[in-house]
Amino acid sequence: MLLDRLDDLEEIRDQALLRIQNYQQSAARYYNKKVRNRIFQEGDLVLRKVYENTKECDNKMGAKWEGPYSISKIVKPGVYELITMSGEQILHSWNSINLKRYYY
């Protein structure tokens, strides 16, 4: 009887693995349904998110976005190099999560 239960145990593990995989796929579908990609072209004007290390003022009421900047190069989808409006190159590339379109 104990050997029969061991055979059933392997089947139960397989069923649990299938349930876990189904749950993970449905959770990924739900998350991906709500994600909106920000796609920019070269020359688009964008605002850059302000972080503690890039902030010019220490005021908590300060601006959350700075710019406008122009996109100079698309490194890969979702990663962009920026230049200021005066033509200075920004040292690091920026992810599209930290950028938003500038409407003038």
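The values are calculated or read from the model by the stated rules, or taken from the named source; none is laboratory data. These figures come from a predicted structure and were not determined experimentally. All Cβ positions, glycine included, derive from the backbone under ideal geometry; neighbour counts span all protein chains shown.
Filter the stretch 70-104 for residues that are assigned to a loop (DSSP other than H, G, I, E, B) and hydrophobic (A, V, I, L, M, F, W, C) and give the result.
Quick first cut of the stretch 70-104, residues assigned to a loop (DSSP other than H, G, I, E, B) only: 77-78, 85-88, 90-93, 102-104.
The answer is Met85, Ile90, Leu91.
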Tell me which residues, restricted to the stretch 13-47, are surrounded by fewer than 10 Cβ atoms within 10 Å (Cβ to Cβ) and closer than 30 Å to Lys64 by Cα.
Tyr30, Tyr31, Asn32, Lys33, Lys34, Val35, Arg36, Asn37, Gln41, Gly43
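For Met61, indicate whether it is touching a Pro at 6+ places or on another chain (Cβ under 8 Å) and without any contact (Cβ under 8 Å) to a residue 24 or more places away in the chain. Steps first, answer last, please.
On the way: touching a Pro at 6+ places or on another chain (Cβ under 8 Å): no; without any contact (Cβ under 8 Å) to a residue 24 or more places away in the chain: yes.
It is false that Met61 is touching a Pro at 6+ places or on another chain (Cβ under 8 Å) and without any contact (Cβ under 8 Å) to a residue 24 or more places away in the chain.
Where residues in the stretch 45-69 are within 18 Å of His92 (Cβ to Cβ) and assigned to a loop (DSSP other than H, G, I, E, B), which of them is modelled with the highest pLDDT?
Just the residues of the stretch 45-69 that are within 18 Å of His92 (Cβ to Cβ), to begin with: 46-56, 65-69.
Then drop every residue that is not assigned to a loop (DSSP other than H, G, I, E, B), which leaves 50-56.
On the way: Val50: 87, Tyr51: 80, Glu52: 72, Asn53: 65, Thr54: 60, Lys55: 59, Glu56: 61.
Top of the filtered list is Val50.
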